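Here the structure comes first, spelled out in structure tokens, and everything after it is commentary.
The numbers here are math on the coordinates, done by the rules we state, and not lab data. All values derive from a computational prediction rather than experimental measurement. Every residue, glycine among them, receives a Cβ derived from its backbone with ideal geometry; neighbour counts consider all protein chains shown.
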Amino acid sequence: MRRKSSILLVSLLVVLLMFSVFGCGGGTSENGEESGPTIIVSSKTFTESIFLGEMLVELLEYHGYPVQNEVGLGETAILRPALVSGEISMYYEYTGTVLMTEMEQPGMFDAEEAYQAVKNWDIDTNNIVWLDYAPGNNTYEFIARPGIMEEYGFEKVSDFVEYTNNNPDNDLKFAMLDEWFEREDGLARFSDVYDLNTDNINPMFLAMGLTYDALREKQADFGIGFSTDGRVAAFSLESLEDDKNCFPVYNPAPTVNGDIMEAYPEIADIINELSALLDNETLMELNKRVDVDGEETYEVAKDFLQENGLI
């Protein structure tokens, strides 16, 4: 009798173990029904991309979807193949980035035109769905340390280029990311549009975000920053006018693997409501809270969602 009880107990434990193992891959959606595939959310490695990724995680978890947080996985060269293959499910990408680095097309200066171009191409070519783009435009910005524009009489980028081209032995330090130096929409486009002699520049290759510190501390004179970065104003840095329209639009938008959208078509409305709130002023403030005030990205993301009634 004891032997039969032991066998029954073991069998019951095996069943329970199998249920726990095979039942943990999904979850329950907001309507309480059994869910489909896990949504793997990722992002690039800089502040804005990270908190946008954290917002997606928080928002989808709040609505009951099975979510795996892979925020901060890498840059476009890593994220795009992972998105296409289904290794990740979604992340916020920038319209101008895909337009120029993936489609190998010239930059555009109209947000809607750029968005429609990448949206139509990506669904046809890669089965990637672009949800609504945010009104914020995180384009490149040519920035300077405090006081140097007045010192040299610079107001626009052309002034810097003219001085650099005419003074091959100048000692002006130009801070930039390795990625910007190598990308087609980076130094290559910049030098082509402005006819810059790149032999005359003194580049400083800095990790993401360190350009602002180098300019504030006068270790660099000029640099490439981002128009939604809160440190430009917080550090009293100055911006030179992009008088030849070198820097095209870079509106962030969630890019989603087509299979995930097929499984959860209703998430479009949920996420679009978030993106509509992300204008330049909002993004600058959120970036500042992390990069200047020292708050954690996930805390900033959750606070923003709560303050706007999204969770």
Could you name the lysines whose alpha carbon sits less than 25 Å from that of residue 244, not counting residues in the same chain fewer than 8 places away? 156, 173
In degrees from 0 to 90, rounded to the nearest 10, what is the angle of the helix 2-22 Cα long axis to the longest principal axis of the chain? 30 degrees
Work out from phi, with θ = phi - 60° and the Karplus expression 6.51 cos²θ - 1.76 cosθ + 1.60, the ³J(HN,Hα) of each residue of the range 201-207, listed in order in whole Hz, and give x for Gly and Pro. 8, 10, x, 10, 8, 10, 5
Given (1) 23.7, 99; (2) 34.2, 146; (3) 18.7, 63, the label whose value is Rg and Dmax of the Cα atoms in Å derived from this model: (1)
Which distance in nm do the two modelled labels at residue 213 and residue 68 give, with both placed 7 Å along the Cα-to-Cβ direction? 3.3 nm
Sequence-distant or interchain residues sharing an amide H contact under 5 Å with residue 156, placed H: which? 241
Per the helix-only calculation at 222 nm, which mean residue ellipticity applies to the chain, given -39500 (n - 2.57) for every DSSP H run of n ≥ 4 and division by its residues, nearest 500 deg cm²/dmol? -13000 deg cm²/dmol
Skipping prolines and chain starts, which residues have an amide H placed within reach, meaning under 5 Å, of the one on residue 204, given they are 5 or more residues away or on another chain? 174, 175, 176
Nearest-ten-degree value, helix 157-166 long axis tilted from longest Cα axis of the chain: 60 degrees
Determine the relative contact order of the range 215-311: mean sequence separation of Cα pairs under 8 Å and six or more apart, normalised by residue count, in whole percent. 38 percent
Total charge of the residues flanking residue 40 in space, meaning their Cβ is under 9 Å from its Cβ, with Lys and Arg +1 and Asp and Glu -1, is -2
Residue-wise HN-Hα coupling along the range 53-67, computed from phi with Karplus coefficients 6.51, -1.76, 1.60 (Hz; x: Gly, Pro): x, 4, 5, 4, 4, 4, 5, 5, 5, 4, 8, x, 8, x, 10
Using a Gaussian network model on the chain with a 10 Å cutoff between Cα atoms, which of 156, 119, 288 fluctuates the most? 156
Bridge orientation stat for the range 140-239 from DSSP, antiparallel percent rounded to 5, came to 55 percent
Mean separation of Cα contacts under 8 Å, 6 or more apart, over the residue count of the range 140-239: relative contact order %: 45 percent
Within the set of other residues whose C-beta is less than 12 Å from the C-beta of residue 284, count the net charge using Lys and Arg as +1 and Asp and Glu as -1. -4
Could you sort the peptides 219-225, 90-96 by per-residue average Cβ neighbour count (10 Å cutoff), highest mean leading? 90-96, 219-225
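May I ask you to order 267-275, 103-111 by the average number of other C-beta atoms within 10 Å around their residues, highest value first? Working shown, then result.
On the way: 267-275: 17.6, 103-111: 14.3.
For the peptides 267-275, 103-111, the packing ranking is 267-275, 103-111.
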Cα-based helix-to-principal-axis angle, 76-85 vs the chain, degrees rounded to 10: 30 degrees
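Ranked highest first by the average count of other Cβ atoms within 10 Å around their residues, in what order do 291-298, 174-181 fall? Walk me through the intermediate numbers first.
On the way: 291-298: 15.4, 174-181: 19.0.
Highest to lowest by the protection proxy: 174-181, 291-298.
Any idea what the relative contact order of the chain is, in percent, if you count C-alpha pairs under 8 Å spaced at least 6 apart?
On the way: 531 pairs, mean separation 77.3, N = 311.
After rounding, I find 25 percent.
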